[in-house]
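Asks: Can you keep this structure in mind? I'll have questions shortly.
Quick note: the coordinates plus some simple rules give every number you see, no bench work behind them. For clarity, every value in this text was computed on a predicted model and none was experimentally measured. Positions of Cβ are backbone-derived with ideal geometry, glycine not excepted, and every protein chain shown enters the neighbour counts.
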Amino acid sequence: MELAQWSRAGAHGWQEPFGYIERANLLKLPERETGRSPQIALNGEHARGLYTRRIHGAERSFAVLEYGRAAALVPWRAEMDRVLNRFMAGQVNDRGLDFKYGRDVEKALARGLGLDG
C-alpha cells in the first residue's frame, strides 16, 4: 500500500502498514539469529519443534519453535515457559497454542527428522 492510499484508508486503515512492518521485523529476527526460515503459524495449523525463545511484538508475544531448517512463530502463552528448550507440538487456535511436550513428542520429532537410529 502506498502513502497516498494510506491517507485515504481512514482512521482504521493507518494501522495496516504498521502491522506489515511489525510482521516483517518479527520474521527477520529468528532468521538472522538462527539461519532458519521463519513463518507465523495461523489459526488451525499444527506446529512442532524445539521451543527456544520468546519474541515480543507490539500486540502479542510469539514462541519460536525450531524444527529442521524452519522456525515457526506461534502465539505465546505463559504456560510455555516451563518447557523452554524442550520439544513441543500443538495446534494454533484462538487462545494461542494447545501444546503437548515430553518424551512422546521428542520421539515423534526424532522420527520425523530421521534420527530414530
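Asks: Check Trp76: other-chain or 5+ apart residues with amide H under 5 Å from its amide H, H built from backbone geometry?
Replies: It is Ser61, Phe62, Ala63, by chain and number.
Asks: Restricting to DSSP loop positions (anything but H, G, I, E, B) with no more than 11 other Cβ atoms inside 10 Å of their own Cβ, which GluC sites (Glu not before Pro) remain in the stretch 17-111? Before the final figure, lay out each step's value.
Replies: Numbers: sites: Glu22, Glu31, Glu33, Glu45, Glu59, Glu66, Glu79, Glu106; in loops: Glu45, Glu59.
Listed in order of number, the matching sites are Glu59.
Asks: Quick one: 3J(HN,Hα) in Hz for the stretch 70-86, Karplus 6.51/-1.76/1.60 with θ = phi - 60°, rounded, Gly and Pro as x.
Replies: Rounded to whole hertz, the list is 10, 9, 9, 9, 10, x, 7, 10, 4, 5, 5, 4, 6, 10, 4, 6, 10.
Asks: With N set to the residue count of the stretch 13-73, report its C-alpha Rg divided by 2.2 N^0.38 Å to two decimal places.
Replies: In units of the globular-protein estimate, the stretch 13-73 measures up at 1.13.
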